[in-house]
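In what follows, a structure is listed as structure tokens, so that the remarks can point back to it.
The values are calculated or read from the model by the stated rules, or taken from the named source; none is laboratory data. Computed from a predicted structure; not experimentally measured. All Cβ positions, glycine included, derive from the backbone under ideal geometry; neighbour counts span all protein chains shown. To get the accessible areas, we keep the full protein, side chains included, count just its heavy atoms, and leave off ligands, DNA and RNA. Shrake-Rupley method; radii C 1.70, N 1.55, O 1.52, S 1.80 Å.
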Amino acid sequence: MAKIENIDIKYLTGVGPKRAELLNKQLDIYTYRDLLYYFPFRYVDRSKIYRIRDISGEMPYIQICGRFISFNTAGEGAKRRLQALFTDGSGTIEVVWFNRLKAITDSYQPGVEYILFGKPNVFNGRFSLAHPEVEVYRPTAEPNGLRGIYSLTDTLHKRGFTSKTIQTLVRNLFDKVKTLPETLPKSIIDSCRLIGLYDALTAVHMPSNVQQMQQGRFRLKFEELFYIQLNILRYTRTRNAKSRGYVFSRIGENFNNFYFNVLPFALTGAQKRVLKEIRADMGSGRQMNRLLQGDVGSGKTIVALMSALMAIDNGFQACLMAPTEILATQHYESLSEMGKRIGIRIELLTGSTRKRKREDIHEGLLSGDIDILIGTHAVIEDTVNFNNLGLVIIDEQHRFGVAQRAKLWQKSAVPPHILVMTATPIPRTLAMTVYGDLDVSVIDELPPGRKPIATMLYYENNRERVNEMIFRELRAGRQIYIVYPLIQENEKLDLKCLEEGYQYVVDTFCDYGVSFVHGKMKPADKDEQMQRFASGETRILVATTVIEVGVNVPNATVMVIENAERFGLSQLHQLRGRVGRGADQSYCILMSKHETTRDTRRRLEIMTETTDGFQIAEADLQLRGPGDLEGTQQSGIAFNMRIANLATDGQILSMARDYANELLDADPDISKPENAVAAEQLRLLFSKTIDWSRIS
Ligand code: ADP
Ligand code: MG
């Protein structure tokens with residue numbers, strides 16, 4: 001017999017084929033189980049009724065009780081709406097609907113008391129409720145206590161779905177489903193004193209009090225994190241046990257020669273520490289898989305080069321892969337110079353390398369004549385083969401897909417050591433989850449003598465002041481970046497904005513040359529524009545975020561970011577890192593619309609308060625949730641976490657990890673009968689995801 005959780009949602013009381021289709025498409029709910037695991041994202045206390053007089057702008061969801069005084073329709077076409085006035089004797093509030101106007105007017109009964117439930121908005125200093133839940137007030141009915149609020153899509157709202165609709169369906173579901181098989185091993189439930197699965201699900205959907213709700217949530221969060229950790233850790237262990245790596249036992253001539261005769265500065269303490277960690281890894285006999293995190297400007301490139309020298313000193317080749325042609329070229333230019341001085345051969349391979357040169361490089365790689373290959377995606381083409389590739393370094397990891405990286409490691413019989421470098425700081429909890437199987441090194445110290453970048457938040461009415469500042473820097477011989485957002489959704493509008501912005505810049509700063517780049521340009525045109533800016537021929541670069549990654553123009557001292565409210569914090573931080581690379585004081589100017597929400601303003605203020613990438617990443621995680629964080633989406637793993645929150649559940653995560661390790665210590669391949677339930681859950685949850693032991 002089919003398990004009850006797997007029954008199609010259309011058979012649930014209150015659903016039917018039409019609603020089922022909506023639930024499928026809008027919320028990804030196909031089965032009873034999907035609905036059971038569609039959790040409320042917050043709770044409200046329905047026993048509390050507010051007075052209209054006491055409403056303030058800070059309130060999330062409120063409940064008020066009273067009568068409608070009037071109904072009016074207003075506006076035309078898409079703007080058509082139904083407006084009502086509602087009073088409870090202490091004051092009045094406007095109630096607005098944008099859809100299903102007729103259905104609402106028809107169901108209204110004059111003279112009846114209603115309870116409205118919704119989130120108050122402020123507009124022109126007045127409060128209103130849009131699309132509230134409406135119920136007839138029954139004085140005898142028991143107060144509802146805690147009620148879960150479910151997130152819904154716009155389409156569902158338009159079709160008349162509210163949180164209460166979901167609540168009703170969930171109730172219908174629990175009328176049918178009276179028991180569920182446990183999904184955690186009994187030993188873990190006992191030692192963590194967790195409540196059972198069925199009780200936890202009931203408690204989360206229909207809590208009778210706060211404590212019960214919290215117990216339920218704890219159990220489900222623990223379980224979610226436990227299985228993610230168990231999955232990652234089992235691969236880490238297999239990989240550690242199996243994957244032999246080349247042993248780089250020597251520190252040799254090239255490294256020492258470079259260190260004592262070429263290196264133009266003293267390494268920072270953090271750089272030294274990281275080099276030691278890398279050396280220990282590459283000498284250990286197992287394949288290195290290390291993530292090197294370091295803020296923009298922290299000096300990762302030199303660490304990459306010196307790691308490559310370790311490979312060369314042990315008779316191997318190294319490959320450095322960068323996400324853009326500009327970046328690869330910059331790396332090549334700075335490194336080949338130093339390479340020449342110690343007599344090693346470094347070559348550059350990109351999409352625009354000429355055929356003759358390309359063939360020459362292919363030969364040099366095969367014969368072992370080339371020591372370091374620097375390049376873009378071009379280096380992973382099938383025609384590129386090495387004599388003995390010992391180390392692969394990937395700069396700005398999140399621009400490369402997992403599959404692309406995998407292609408590189410396949411270029412060698414024994415997998416080469418891997419060093420992945422990223423300037424996107426990843427908070428610890430996230431790193432443990434996303435990169436749970438990589439070792440992490442951190443450069444947490446900037447080279448000495450850098451002046452912190454001064455960051456300022458300005459609104460449109462300060463435009464003149466901003467322009468004056470730009471003029472001042474231009475007159476002092478400096479260069480300026482001006483960045484516009486370009487986001488897929490309304491590409492056309494953004495492009496218009498960018499072009500108008502460019503025109504404005506050309507008109508305003510007419511004595512200075514201006515470069516212009518965006519993602520839709522031909523690579524050759526883009527490169528030419530960038531090159532003119534890099535050489536100082538143009539003094540201003542108007543661009544979209546294509547410049548986010550890695551460009552190095554030390555003479556640039558001002559970064560202006562237009563519509564800053566539309567960027568994520570981590571992205572702003574990356575952009576800001578383009579200036580402050582020389583000895584001069586640099587500035588980052590965030591331009592924002594005046595009428596932003598409090599949250600947005602708060603976000604932008606964080607940028608003005610700190611230049612610490614990790615602090616910014618933490619704040620970003622808190623404010624936006626991990627789904628939006630750069631690095632998680634592109635990393636090729638979709639953790640659809642339903643209830644745990646990496647920003648706030650760090651402790652539960654550590655605990656889950658400890659228990660996962662304990663289970664693996666006792667039962668490495670998860671084959672003991674008492675852990676059968678864990679093996680089954682792993683199969684259900686992760687059978688479709690990537691096998692990390694093979695690619696990282
Ligand atoms: P990122 O980590 O962003 O890739 P880079 O490797 O491009 O940073 O380094 C930024 C700049 O700092 C470069 O010009 C580099 O030469 C310089 N640099 C790196 N390490 C040091 C150091 N220890 N002392 C002084 N300057 C350094
Ligand atoms: Mg770099």
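Between rounded, prolate and oblate, where does the chain land on the alpha carbon gyration tensor, with a ≥ b ≥ c its root eigenvalues, rounded for a/c under 1.5, else prolate if a/b exceeds b/c?
oblate
Under a plain spin-label model, where a point goes 7 Å from the Cα along Cα-to-Cβ, how far apart in nm are Arg356 and Phe123?
Result: 6.9 nm between the two label points.
To the nearest 0.05, what FRET efficiency results for Asn72 and Asp8 with a Förster distance of 35 Å applied to their C-beta separation?
0.20
Kindly express, to the nearest 10 degrees and within the range 0 to 90, the angle between helix 650-666's C-alpha long axis and the longest C-alpha principal axis of the chain.
Value to nearest ten degrees: 70.
Can you tally the net charge around Glu473? Count Lys and Arg as +1, Asp and Glu as -1, for every other residue whose Cβ sits under 12 Å from the Cβ of Glu473.
Counting the neighbours of Glu473, the net charge comes to +2.
Using only DSSP helix segments of four residues or longer, with each worth -39500 (n - 2.57), what per-residue ellipticity at 222 nm results for the chain after dividing by its residue count and rounding to 500?
-12000 deg cm²/dmol
Counting only heavy atoms of the protein chains, get the accessible area per residue of the chain (1.4 Å probe) and round it to a whole Å² value.
Averaged over the residues of the chain, the accessible area is 47 Å².
For the modelled label position 7 Å from the Cα of Glu662 along Cα-to-Cβ, which residues of segment 203-234 have backbone nitrogen atoms closer than 15 Å?
222-223, 226-227, 230
Give me the net charge of Phe509's neighbourhood, meaning all other residues with Cβ under 14 Å from the Cβ of Phe509; Lys, Arg count +1, Asp, Glu -1.
0
Quick check on segment 23-89: take the gyration tensor over C-alpha atoms, sort the square-rooted eigenvalues as a ≥ b ≥ c, and tell me if it's rounded (a/c under 1.5), prolate or oblate.
oblate
Which net charge results for the neighbourhood of Tyr659, defined as the other residues with beta-carbon distances under 12 angstrom from its beta-carbon, given Lys and Arg at +1 and Asp and Glu at -1?
That sum, taken over residues with Cβ under 12 Å, equals -4.
Is segment 226-303 best put as rounded, prolate or oblate by its Cα gyration tensor, with a ≥ b ≥ c the root eigenvalues, rounded for a/c under 1.5, and otherwise prolate when a/b is larger than b/c, oblate when not?
Oblate, since a/c reaches 1.5 and b/c is not below a/b.
On the accessible surface of the chain, probed at 1.4 Å, how many percent belong to carbon and sulfur atoms?
With neighbouring chains kept in place, the figure for the chain is 49 percent.
List the lysines whose Cα sits under 24 Å from the Cα of Lys79, skipping any in the same chain fewer than 8 residues away.
Leaving aside lysines fewer than 8 places away in the same chain, those within reach of Lys79 are Lys102, Lys119, Lys158, Lys492, Lys593.
Quick one: helix 613-624 against the long Cα principal axis of the chain, what's the angle to the nearest 10°, folded into 0 to 90?
30
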